[in-house]
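S.K.: Below: one structure in structure tokens.
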């Protein structure tokens, strides 16, 4: 479908998520309670509040050829493959996530793998997507993951990524691990959840790495209370999940400079990076 007439990314993702929810209910719900619940949640909340911008913007990027998704929400590569925009290989640390998506979308090539040790040969992929992942890898390991993505990308290949950013860099800890065994053991501060990069720190991460920055933007929520109230009242707030599509797409301010992040305290960065060279 020509990009000139394609609906915005968030709308296409919303519809695709809705289709998946219906398919779950029809196919698996009569047998599996977990499928019934998951299908119902997808129908009520096709996209979480931040995902309207984050996934929607990445869905509007250019993808073609052989593509790698590094632990992003699988809704994104599932949609892109359905649209004929790349042949997608998807990795995730969690076997349960991979098993679930093998049932949901058998067209995807899915594997349990670690972003810091990708099980693919050099120069395998034309494009890569990595949405809301880098911040959870941890400092030090993030550079390793980026080096691995560089290795498996062909010359001329592109990486599109998003990550959380804040006015000041900080590590965020939670009382309990959010990612099971992958969360690690933790310490007196709790269990590591994510590293919130400052814009300057993020720039430093890519400085001298060889990546060519083709796009870099920062986004903040106009009213962070919409997301905060939604999660605070979950699961009861799922009842008005379908209404999020009326407010969330317009609840974002975007800038090419980090000024918004310094003004608002935190947000999301989106980058499109190119590995120099020409594809053979």
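S.K.: Go through region 142-198 and give me each residue that's modelled with pLDDT under 90 and part of a helix (DSSP H, G or I).
M.R.: Correct list: 180, 181, 182, 183.
S.K.: For residue 73, all conditions in the list (1) assigned to a loop (DSSP other than H, G, I, E, B); (2) over 23 Å from residue 218 (Cα atoms); (3) in contact with a strand residue (DSSP E or B) (Cβ under 9 Å, 6 or more places away or on another chain) hold save one; what is the number of the exception?
M.R.: The single condition residue 73 does not satisfy is (2).
S.K.: If you scan region 79-97, which residues turn out to be under 12 Å from residue 69 (Cβ atoms), touching a helix residue (DSSP H, G or I) at 6+ places or on another chain (Cβ under 9 Å) and assigned to a helix (DSSP H, G or I)?
M.R.: Selection gives 79, 80.
S.K.: On to the next question. Output the helices (runs of 4 or more DSSP H) that fall wholly within region 212-280 and possess 2 or more residues being in contact with a strand residue (DSSP E or B) (Cβ under 6 Å, 6 or more places away or on another chain) and surrounded by 13 or more Cβ atoms within 10 Å (Cβ to Cβ), or say none.
M.R.: 259-264
S.K.: Another question about this same structure. Is it true that some residue in region 124-131 is at pLDDT 95 or above and surrounded by fewer than 22 Cβ atoms within 10 Å (Cβ to Cβ)?
M.R.: There is at least one residue in region 124-131 that is at pLDDT 95 or above and surrounded by fewer than 22 Cβ atoms within 10 Å (Cβ to Cβ).
S.K.: Yes or no: region 85-93 includes at least one residue that is surrounded by fewer than 23 Cβ atoms within 10 Å (Cβ to Cβ) and at pLDDT below 95.
M.R.: Within region 85-93, one or more residues are surrounded by fewer than 23 Cβ atoms within 10 Å (Cβ to Cβ) and at pLDDT below 95.
S.K.: Related question: If you go through region 43-64, how many residues are closer than 27 Å to residue 137 by Cα and either touching a strand residue (DSSP E or B) at 6+ places or on another chain (Cβ under 9 Å) or assigned to a helix (DSSP H, G or I) (or both)?
M.R.: Number satisfying all stated conditions: 15.
S.K.: Give the residue, chosen from 117, 113, that is within 30 Å of residue 198 (Cβ to Cβ), at pLDDT 95 or above and more than 18 Å from the chain's Cα centre (by Cα).
M.R.: 117
The values are calculated or read from the model by the stated rules, or taken from the named source; none is laboratory data. Bear in mind the structure is a predicted one, so any value in this text is a computation, not a measurement. Because the Cβ atoms are built from the backbone with ideal geometry, glycine has one as well, and the counts that use them run over all protein chains shown.
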